[in-house]
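Asks: Quick one: this structure, given as structure tokens, is what I'll be asking you about.
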Amino acid sequence: MTREKIARILASGFGAGFAPVAPGTAGSLVALGIGAMLLHTSMLLLVVGCILACIGGIWAVREVHAESDPGWVVIDEFAGQWITMLGMDELNWKNLLAAFLLFRLFDIFKPQPVAWADQRKDAIGVMADDMIAGTMAALVLAIEFWQFPDLLD
């Protein structure tokens, strides 16, 4: 298998980016499922997954020359969704739903500094806007769990 094929598989989120409708949402849902399995095993696995998705995503986007962020590139959604999940206090369906909705909200509406990162037209920009959106969503989740611990129970 060539480097470009491997990069294309990774950049597409193992094919999730080729969903005919809403590939970003499809990528986030696939990432949520994989992230839940990683988190069920160990928080450390999710952290390692985040790091690999971020670094591997930059490599894959560069390798397939996708600096314009085509819809099929969803490795950035994987990174952002997994970063968001780091803000969860426990693994359950309510927290997963909250993590998914918060990440998609920040990713779609792109408040600052997400919009700033989105304006970069390179591999780092493709990845950074979702990484920042994921960080913002994770912070919202962490604050919610800290301030209102019974809200999502």
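Asks: Here are labelled values, (1) 13, 43, 33, 9, 1; (2) 9, 29, 30, 22, 9, 1; (3) 10, 39, 34, 15, 1, and one is the computed P(r) over Cα pairs in 10 Å bins from 0, in percent for what I pasted. Which one?
Replies: (1)
Asks: Which ³J(HN,Hα) values in Hz, rounded to whole numbers, follow from the phi angles of the stretch 131-137 under the Karplus curve 6.51 cos²θ - 1.76 cosθ + 1.60, where θ = phi - 60° and Gly and Pro get x?
Replies: 5, 5, 4, x, 5, 5, 5
Asks: Among 115-127, 76-88, 137-149, how do they line up from the highest to the lowest mean number of other beta-carbon atoms within 10 Å? Working shown, then result.
Replies: Values: 115-127: 17.0, 76-88: 28.6, 137-149: 15.5.
The densest-packed peptide leads the list: 76-88, 115-127, 137-149.
Asks: Same structure again: With θ taken as phi - 60° and the coefficients 6.51, -1.76 and 1.60, list the Karplus ³J(HN,Hα) couplings across the stretch 107-118 in order, rounded to whole Hz; mark glycine and proline as x.
Replies: In residue order, the calculated couplings are 6, 6, 7, 6, x, 5, x, 4, 4, 4, 5, 5 Hz.
Asks: Given labels modelled 7 Å from the Cα in the Cβ direction, how far is it in nm from VAL48 to LEU105?
Replies: 3.3
Asks: Working from Cα positions, state the angle (0 to 90°, nearest 10) between the long axis of helix 23-41 and the longest principal axis of the chain.
Replies: Value to nearest ten degrees: 60.
Asks: Using Cα centres only, tell me the gap between the stretch 91-137 and the stretch 1-36 in whole Å.
Replies: Distance between centres, Cα-based: 16 Å.
Asks: If you don't mind, another one. Excluding residues on the same chain fewer than 8 positions from LYS5, give the aspartates and glutamates whose Cα lies under 14 Å from its Cα.
Replies: Cα-Cα hits under 14 Å: GLU63.
Bear in mind that the values in this text are calculations on the coordinates, not laboratory data. Everything numeric in this text was worked out from a predicted model, so none of it was measured. Glycine also receives a Cβ, built like all others from the backbone with ideal geometry; neighbour counts cover every protein chain displayed.
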